[in-house]
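Below is one structure, written out as structure tokens; comments come after it.
The values are calculated or read from the model by the stated rules, or taken from the named source; none is laboratory data. Please read these numbers as outputs of a predicted model, since none were measured by experiment. Please note: Cβ atoms are built from the backbone with ideal geometry, for glycine as well, and neighbour counts cover all protein chains shown.
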Amino acid sequence: MRALVAAAIGLAAALAIVLTVSAIGGPEGSTSPKPLLTTVPTAPGAIPPGK
């Protein structure tokens, strides 16, 4: 029975947080027009390209 009450309280708290955040709304802003330039690290023990 305690587990059921705890689950109900947790569900109610999560629902309250979701409703509060959605009522406040997201932050204003826009995305950057520049793409992110990322590099993928080589795997450990791999031979680097060009060698």
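Among the residues of the range 5-27, which ones are at pLDDT 80 or above and not hydrophobic (A, V, I, L, M, F, W, C)? Correct list: GLY10, THR20, SER22, GLY25.
Kindly indicate whether LEU4 is surrounded by 10 or more Cβ atoms within 10 Å (Cβ to Cβ) and either among the hydroxyl-bearing types (Ser, Thr, Tyr) or in a helix (DSSP H, G or I) (or both).
Taking the combined requirement at face value, the residue does not satisfy it.
For GLY10, the conditions (1) surrounded by 10 or more Cβ atoms within 10 Å (Cβ to Cβ); (2) under 19 Å from the mean Cα position of the chain (by Cα) all hold with the exception of (2).
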